[in-house]
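All of the numbers you see were taken from the coordinates with simple rules; none came from a lab. Just so you know, these numbers come straight off a predicted model, no measurement behind them. All Cβ positions, even for glycine, are placed from backbone atoms using ideal geometry, and neighbour counts span all protein chains on display.
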Amino acid sequence: MPVLSTLGAATAKAWGFLQQVAAAADPYFNYVTMLLTGNGTNGAQNNTFLDSSTNAFSITRNGNTTQGSFSPYGSLWSNYFNGSSYFTNSSTSISNFGTSNYTIEFWVNTTSSSTKQIYYDSRSTSNGSNGIFCGIANSGSTVFMGNSNSVTINGTISLSSGVWYHVAFVRSGTGSNQCAIYVNGVLDSNYTDSYNYSASQNTIGGVAYTPQGANPALGYLSNFRINKSAVYSGAFTPSTTP
């Protein structure tokens, strides 16, 4: 049976994939910009990704990315990445943050905590091209975020394989340490990011300009979301429902 999910958003300027649960109770559901219900016309194989929102974005599935019932919320769902599978979208409205606030968040359960992995990347070339990327480092399995091909910040909390973690990168306001990394709602590190982002590439599961050639995702991602606002301003408890 197909697993219902959405590749959607919490505001009109967001992108990601979310479990579709009790949509009527979500005050932002009308602003979803991308919707993947996971019930494509492919014999219930869970490998067709059709945008059912009014935008009808084109979703390119590369490799054998599939939807499954394993998730941080129990027997619901997540997307599995095996090192040669990834999502792409080239909408210019997703990652062109400029110098404004942003939140990049997701649940991750890696199958290899000793390998550098890129979970999201908006760079179109190796020198950065005004893009942003984030993932986990191969030294200490800590979370990192970077831009212009130069790591901006490394976290301090190590991620173990086989465990679900909620990770959030947040830029809020201007000045020193206006950005934060949260792991499971706990402040991991502060950093300064005044970069002007204007990239239009969007890849989940690998490096945007060479997804299968460098640091691909290994494991499960769930409820990935990009939001052009600062969703979190301090320690928080990650939602226990999708």
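Counting 0.36 nm for each residue step from S90 to V186 and taking away their Cα separation leaves a gain of 31.4 nm. Could you pull out which residues in region 89-118 have an amide N less than 15 Å from a spot 7 Å beyond the Cα of T60, following the Cα-Cβ vector? The answer is 89-92, whose backbone nitrogens lie closer than 15 Å to the label point.
By the Cα gyration tensor, region 175-242 has an equivalent ellipsoid whose semi-axes, rounded to whole angstrom, run 24, 19, 12 from largest to smallest. Short to long, the 5 Å bins of the Cα pair-distance histogram for region 96-167 hold 4, 16, 26, 25, 16, 10, 4, 0 percent of all pairs.
Scoring 168-181, 193-206, 214-227 by mean Cβ neighbours within 10 Å over their residues and listing the highest first yields 214-227, 193-206, 168-181. In region 100-174, Cα pairs under 8 Å separated by at least six residues give a relative contact order of 39 percent. At q = 0.10, 0.20, 0.21 Å⁻¹, work out log10 I(q)/I(0) for region 107-223 with the Debye formula, treating every Cα as an identical point scatterer and leaving solvent out; two decimals please. Each listed q maps to, in turn, -0.27, -1.11, -1.21. Each label was represented as a point 7 Å from its Cα along the Cα-to-Cβ direction; for T99 and K116 these points are 3.0 nm apart.
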